[in-house]
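All remarks here apply to the structure that follows.
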Amino acid sequence: PREQLLAVGAVAQVEHGGFGEGPLQVDVALLGTAAAELLAGGLVRAIALAIATGGGAGYFPVAPGTAGSAVGLLLFWPLASLSLPLYAVTVTGTVCVAIWAAEQMCRLWNTQDDGRIVVDEIAGQLVTLAPLLFLGRAHSFGWVVTGFVLFRCLDVWKPGPVRWLDENLHGGTG
C-alpha cells in the first residue's frame, strides 16, 4: 500500500489502503519527527532512513556525528569477535549499504550533506577500529576509546585528501 504523510499542524494523517478504512491520525509531537518520517514513504524509505540516521542517532540535538560514531562503537564490540576476513566482508557490506541509504536520504531531503545522516560516521568508526583486530586489541577499552576520539578529531578536522573527498564527492558517497 502507498502511504503519504500529510502534516497538518501537530497532527499528521497517513493514508493507507488494503488494511482498514480511512486515514490514521498520528500526533507528530507525541510520535516524534523521526517516526513521522518513517510513516511518510513506505518500507524502503523507512529502511533507508533508519540506516542513514543510525537508528535515530542523527536526530540527536547536539553533535549528531558523535552520536553516530557512538553507534559505530557499540556495533564494533560484537563485530570484533568475528574473524578478520568476516569482519572485512561485514564492514565492506556496511559501507555499501551506508552509501545506498545516504544517497536515498540526500535525494529525499534535497541536500548533499545533511547532519541527520550519520551512517558515514558509523561505517567510518568500524573502518578506523579495524587495525585493533590485527593488533589483538579489539577488546581493550582504552584502545577502542582512543580510536573513537581519533576518528572524531579527524572527521571534524578533515586533513588533506579527506577534505578534498568531502568537498568533491556528493550524495551517498560524500
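Observations on the structure shown:
- Whenever a residue of the stretch 155-174 is on the phi > 0 side of the Ramachandran plot, its partners that are in a helix (DSSP H, G or I) and open to solvent by less than 80 Å² (accessible area, probe 1.4 Å), lying with C-beta atoms within less than 7 angstrom and at least six residues away or across chains, give the pairs Lys158/Asp166; Gly171/Glu103; Gly171/Cys106.
- Here Gly93 meets the list (1) touching a Gly at 6+ places or on another chain (Cβ under 6 Å); (2) at pLDDT 95 or above almost entirely, failing just condition (1).
- Only one entry in Asp155, Asp166 is among the acidic types (Asp, Glu), surrounded by fewer than 16 Cβ atoms within 10 Å (Cβ to Cβ) and in a helix (DSSP H, G or I), namely Asp166.
- Among the numbered conditions (1) open to solvent by 40 Å² or more (accessible area, probe 1.4 Å); (2) in contact (Cβ under 8 Å) with a residue 24 or more places away in the chain; (3) over 24 Å from Ala50 (Cβ atoms), the only one that Ala138 does not meet is (1).
- The requirement of being outside any helix (DSSP H, G or I), touching a residue at least 12 places away in the same chain (Cβ under 8 Å), under 14 Å from Gly172 (Cβ atoms) and acidic (Asp, Glu) is fulfilled somewhere in the stretch 94-113, by at least one residue.
- Selection within the stretch 90-117 - farther than 15 Å from Leu75 by Cβ and over 14 Å from the mean Cα position of the chain (by Cα): Arg107, Leu108, Trp109, Asn110, Thr111, Gln112
- Residue list for the stretch 76-123, filter: of a type in the set (Asp, Glu) and surrounded by fewer than 19 Cβ atoms within 10 Å (Cβ to Cβ): Glu103, Asp113, Asp114
The values are calculated or read from the model by the stated rules, or taken from the named source; none is laboratory data. Please read all numbers here as calculations on a predicted model, not as lab measurements. Note that we place each Cβ from the backbone using ideal geometry, even for glycine, and neighbour counts take in every protein chain shown. Protein only, heavy atoms only, side chains kept; ligands, DNA and RNA dropped before computing areas. Shrake-Rupley method; radii C 1.70, N 1.55, O 1.52, S 1.80 Å.
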